[in-house]
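The values are calculated or read from the model by the stated rules, or taken from the named source; none is laboratory data. Keep in mind that what you see is a predicted model, and the values were worked out from it rather than measured. As a convention, Cβ positions derive from the backbone with ideal geometry for all residues, glycine included, and neighbour counts pool all protein chains shown.
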Amino acid sequence: MKLVFMGRRAALAVITAVLIAGMAAIGYLLSGSIGGIAGAEQATDAHRLAIVTASGARHNFRIEIAADDDKRAEGLMYRAKLDPDYGMLFDFKREQTVYFWMKNTYVSLDMIFVRADGTIAKIAENTTPLSEATVPSEFPVRFVFEVMAGTTKRLGVKAGDKLVHPLIKPTAG
């Protein structure tokens, strides 16, 4: 059996190549969990949402879903930017009055408060980044949909419009 010993330069080159490949693999795996950044997750039906306005216009979004306490607590904190067609849907599982804040959130958001049937109850536009002031739903809601600030105004979205997503069950009629 012959043992091969590399020189110091060759060993450093191999270690560097392994580290770079590992960092690239980690970045690829994490790209689905940091959505809203260019090149992020491929959207499935569960990761798409539409807002349908009273005039019938349909606006499609790629989304992340915050359906547990940890994900809801973090929300869109620490994001440096969001794509214009990207958002986060918070699911509280039942209707209740909810309170949000912008602590550790670097981008201004529009917060869309949504009843269980998908009807928009309230919109808080252009929230203040890093603010610890609460933003209340004022009405019992099951969902909150957060998007980049200015989105609701740009698309003409208003209270009474509807969200369409597999988690949202519209009422008959």
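Quick check on the stretch 53-71. Is at least one of its residues under 20 Å from M102 (Cβ atoms) and part of a loop (DSSP other than H, G, I, E, B)? There is no residue in the stretch 53-71 that is under 20 Å from M102 (Cβ atoms) and part of a loop (DSSP other than H, G, I, E, B). Scan the stretch 131-143 and tell me whether some residue there is in contact with a His (Cβ under 9 Å, 6 or more places away or on another chain), surrounded by 15 or more Cβ atoms within 10 Å (Cβ to Cβ), of a type in the set (F, W, Y) and in contact (Cβ under 8 Å) with a residue 40 or more places away in the chain. Within the stretch 131-143 (the criterion being in contact with a His (Cβ under 9 Å, 6 or more places away or on another chain), surrounded by 15 or more Cβ atoms within 10 Å (Cβ to Cβ), of a type in the set (F, W, Y) and in contact (Cβ under 8 Å) with a residue 40 or more places away in the chain), the answer is yes, since at least one residue qualifies. Contact map, the stretch 160-171: first residue of a type in the set (S, T, N, Q), second residue surrounded by fewer than 18 Cβ atoms within 10 Å (Cβ to Cβ) and modelled with pLDDT of 95 or more, Cβ cut-off under 8 Å, separation 6 or more or different chains; pairs are T171/D117.
The residues of the stretch 43-101 that are more than 16 Å from R115 (Cα to Cα), hydroxyl-bearing (S, T, Y) and touching a residue at least 60 places away in the same chain (Cβ under 8 Å), listed by number, are S55, Y86. Does the stretch 49-65 include one or more residues that are more than 18 Å from T151 (Cα to Cα) and within 14 Å of the chain's Cα centre (by Cα)? For the stretch 49-65, residues more than 18 Å from T151 (Cα to Cα) and within 14 Å of the chain's Cα centre (by Cα): present.
Which of the residues that make up the stretch 136-156 are closer than 21 Å to K81 by Cα and not basic (K, R)? The answer is V144, F145, E146, V147, M148, A149, G150, T151, T152, L155. Only residues that are under 16 Å from A149 (Cβ atoms) and either in a strand (DSSP E or B) or of a type in the set (S, T, Y) (or both) were counted across the stretch 88-130, and they come to 15. Against the test of being at pLDDT below 90, of a type outside the set (S, T, Y) and either in contact with a strand residue (DSSP E or B) (Cβ under 6 Å, 6 or more places away or on another chain) or surrounded by 12 or more Cβ atoms within 10 Å (Cβ to Cβ) (or both), the options A21, A13 yield a single qualifying residue, A13.
Do we find that D110 is crowded, with 22+ Cβ neighbours inside 10 Å, more than 18 Å from K71 (Cβ to Cβ) and modelled with pLDDT of 95 or more in this structure? When the stated conditions are applied, D110 passes them. You will find that of M102, M111, the residue that is under 16 Å from the mean Cα position of the chain (by Cα) and farther than 28 Å from G56 by Cβ is M102 and no other.
D83 - would you say it is closer than 20 Å to L163 by Cα, modelled with pLDDT of 50 or more, more than 14 Å from the chain's Cα centre (by Cα) and not in a helix (DSSP H, G or I)? Spelling it out, it is not the case that D83 is closer than 20 Å to L163 by Cα, modelled with pLDDT of 50 or more, more than 14 Å from the chain's Cα centre (by Cα) and not in a helix (DSSP H, G or I).
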